[in-house]
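The block underneath contains the structure these notes are about, expressed in C-alpha cells.
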C-alpha cells in the first residue's frame, strides 16, 4: 500500500447495507465487496487505501451473538498493525449491542473502529448506504500529525458520528435510526465534516492493544412494568447459572416498594447475583436515593448503571463477569467509566 495514505480495512458482517438488487430477478443478494471501488467510484476521492474482508458466513444482525463479536475482534486484532482504521458493516438491529461490546473487548484501542450500516440496501435507488459508508471510511482515515484523529469505537449513521457505547436504535423506518441521548455526537457531516474533538476519547497510545475474549453471557434483563408478578421475578432470577441481572426501572431508577419484590432482590444479592439498575428512559440517568422508591434499592446494594444505555450495560456485564474479579472490584469497575460509556 502507498506510503502516506491511511490504510482502512472494511469488515463486512452482514446486514442490509451489504445487499444489492439482482436486476434480472429483482431479488436481493449479497454485495461483492471485492468490487467495491467499481460499484462506488466516489470512494476513490477519499485519500486512503481500502481493503476488504468478510465474515466466513455473513449473518443477519438478529442472529448476532458474543461468538461473532469475538470473530470481529479477532479480525481487528490480526490486522491491527497493518491498518490505520477499521469500518465494520453491520445490520442496524443489534449494531449498538455489538459496537458497545467491542468498545470493552478492544482494550487499549488507539485507532478508529467505525460501525455503520443502512436502512436500505446499497443497490437501492434511495439508499442511505452510500453516504454512511463513504463518510465512515472518511472518518476512519482522518489523521492529525500522522496519527488517527479518532481513537475509539464509534457508530456512524445519517450524518452523525456517535460514541458507540452511548447509542441506541430508536427507529426501524427512518434514516435517522440511532441516537445518543446522554452524550453529544463526536462529529457531524454536512457541507463540512465537523469533528468535536473535545468529546473524543484520548487513550494512552503507549499501551498495546489487547483483545478480551472471555465474555460471560450468563445475564438477563428484567423490564419492570405495572403489574409484574412475583412469580415472574422469581422465575427469572431463579434461572440456572444467572450471574447478573439488568433491572430496567422507571424514571431515575425507581421501582415498586412491595415487600415481596424487595425481599426477592435481597435474597439473590445475598447469593452473589449482581443486579444493575438501568432506567427505561432513553435519556437521563439513574439517581438512586432521590426518591423513596429508589432508596430501597440503594440500601439493598443494587449497582447503579447511572446514564448507561441497556446495550452498553449488557456488553460491560459480559466483559467484567468474564474477568472473574472479586465482588468489590466488580462493584467499583461497573460504576466507573471504562470507555466513556457513562458520565
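Counting only DSSP H runs of at least 4 residues, each contributing -39500 (n - 2.57), and dividing by the residue count of the chain, the helix-based mean residue ellipticity at 222 nm comes to -8000 deg cm²/dmol. Over the C-alpha trace of the chain, radius of gyration and Dmax come out as 21.1, 67 angstrom. Arranged from fewest to most other beta-carbon atoms within 10 Å of their beta carbon, 25, 279 become 25, 279. Overall shape: prolate for segment 134-198, with the ratio a/c of the largest to smallest alpha carbon gyration tensor axis at 1.5 or above and a/b above b/c.
Per the Kirkwood formula applied to alpha carbons, segment 22-121 shows a radius of gyration over Rh ratio, Rg over Rh, of 0.97.
The value of relative contact order for segment 9-110, using C-alpha pairs under 8 Å at least six residues apart, is 43 percent. Sorted fewest first by neighbouring Cβ atoms within 10 angstrom, 178, 83, 261, 115 come out as 261, 83, 178, 115.
Relative to the present Cα-Cα distance, how much length would full extension add between residue 205 and residue 53 at 0.36 nm per residue of separation? Gain on extension, residue 205 to residue 53, equals 52.1 nm.
If contacts are Cα pairs under 8 angstrom and at least 6 residues apart, what is the relative contact order of segment 219-334 in percent? Worked out over segment 219-334, it gives 24 percent. Kirkwood's formula applied to the C-alpha pairs of segment 139-244 gives a hydrodynamic radius of 17.6 angstrom. The order of 154, 255, 281, going from fewest to most other C-beta atoms within 10 Å of their C-beta, is 281, 255, 154.
Just so you know, all these numbers are worked out from the coordinates, no wet-lab data involved. Keep in mind the model is a prediction, meaning the values are calculated, not measured. Cβ sites come from the backbone with ideal geometry, for glycine too, and all protein chains shown count toward neighbours.
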